[in-house]
Amino acid sequence: MTAPTPTLDHRMFKAVKAAFPGVRFRGTEFRGQSTLIVEAEPFHRVMKFLKEEGGYNYLSDVTAVDYLGYPAKMPARFAVVYVLCNLDTAEPNGDRFLVKVFLDPSIPTDGIDEDPALYIESVCDLWPGAEWMEREVFDMFGIRFRNHPDLRRILLWEDYPAHPLRKDYPLRGRGERENYRIVDRTSS
């Protein structure tokens, strides 16, 4: 079985380009999966268009990628990735479409300092299910979402000193495990 040839013929590439004539977009296709790369400023308007006009009624996932040390040249260090689905199509798994936004930090990322360059608009107003997924991206990568209804850590405690899925975070941690006593069955 051979991989599909990249054609960039997904119906939404042309529709988005026509709806936002002054905005620069990039599109990629890998193994039959289409990805629209959007700048941070028009991102929310594009997502609203994809939901209302494109029919993407289900937000399957929100995640992020840290490209620190990536062998190929990337537009920025971080990318927030949204996986959209149109479940009303005849295709067995629905029509899937990815949207990616690149963000570049403006300050060192080895702590928890709030970086004004690592902000993106929340899509919770469009897909309420994005709330917990955006919180996870915030917790693990430190990317913040404007207009999020409850942006706080979801996996780690509030005072955790870092964002552990950033690639500059040490694999063995910074001593967090050593500072807590182990609770076993006999000590509870």
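No lab work stands behind these numbers, since they all come straight from the coordinates. Bear in mind the structure is a predicted one, so any value in this text is a computation, not a measurement. For neighbour counting, all protein chains shown are included, and Cβ atoms are generated from backbone atoms with ideal geometry for every residue, glycine included.
Extending 7 Å from the Cα toward the beta-carbon at both VAL81 and GLU158 defines two label points whose distance is 3.3 nm.
Backbone geometry of the stretch 81-86 corresponds, through the Karplus equation with coefficients 6.51, -1.76 and 1.60 at θ = phi - 60°, to 3J(HN,Hα) couplings of 10, 10, 9, 9, 9, 10 Hz, x marking Gly and Pro.
DSSP beta bridges fully contained in the chain are about 75 percent antiparallel.
Which shape class applies to the stretch 102-144: rounded if a/c is under 1.5, otherwise prolate when a/b exceeds b/c and oblate if not, where a ≥ b ≥ c are the square roots of the Cα gyration tensor eigenvalues? Mind dumping the intermediate values first?
Details: a/c = 3.32, a/b = 1.94, b/c = 1.71.
The shape class here is prolate.
For the chain, adding -39500 (n - 2.57) for each run of n ≥ 4 DSSP H residues and dividing by the number of residues yields -5000 deg cm²/dmol at 222 nm. The value obtained for the chain, namely the Cα convex hull volume divided by the number of residues, is 191 Å³ per residue. Return the whole-Å distance between the Cα centroid of the stretch 7-58 and the Cα centroid of the stretch 146-172. About 29 Å separates the Cα centre of the stretch 7-58 from the one of the stretch 146-172. Once the Cβ-Cβ distance of LYS14 and GLU114 is raised to the sixth power relative to R0 = 35 Å, the FRET efficiency obtained is 0.35. Restricting the GluC sites (Glu not before Pro) of the stretch 125-167 to loop positions (DSSP other than H, G, I, E, B) with no more than 16 neighbouring Cβ atoms within 10 Å leaves GLU158. Which of the residue pairs LYS51/LYS73; LYS14/LYS100; LYS48/LYS100; LYS14/LYS73 have a Cα-Cα distance greater than 20 Å in the structure shown? Check vs 20 Å cut-off fails for LYS51/LYS73; LYS14/LYS73. Amide H contacts of SER34: LEU98, each under 5 Å away and 5 or more positions distant or on a separate chain (H built 1.01 Å from N in the peptide plane; Pro and chain starts excluded). Among LEU155, THR63, GLN33, pick out the residue whose Cα is farthest towards the positive end of the charge dipole of the chain, where Lys and Arg carry +1 and Asp and Glu carry -1 on C-beta, about the Cα centre. It is GLN33. Straight-line cross-link partners of LYS17 among the aspartates and glutamates, defined as a Cα under 20 Å from its Cα and at least 8 positions apart when in the same chain: ASP9, GLU29, GLU39, GLU41, GLU52, GLU53, ASP95. In this label model, GLN33 and MET74 are separated by 1.4 nm, measuring between points 7 Å along each Cα→Cβ vector.
Considering only PHE13, PHE30, PHE43, the mean-square fluctuation computed in a Gaussian network model of the chain, springs between alpha carbons under 10 angstrom, is largest for PHE30.
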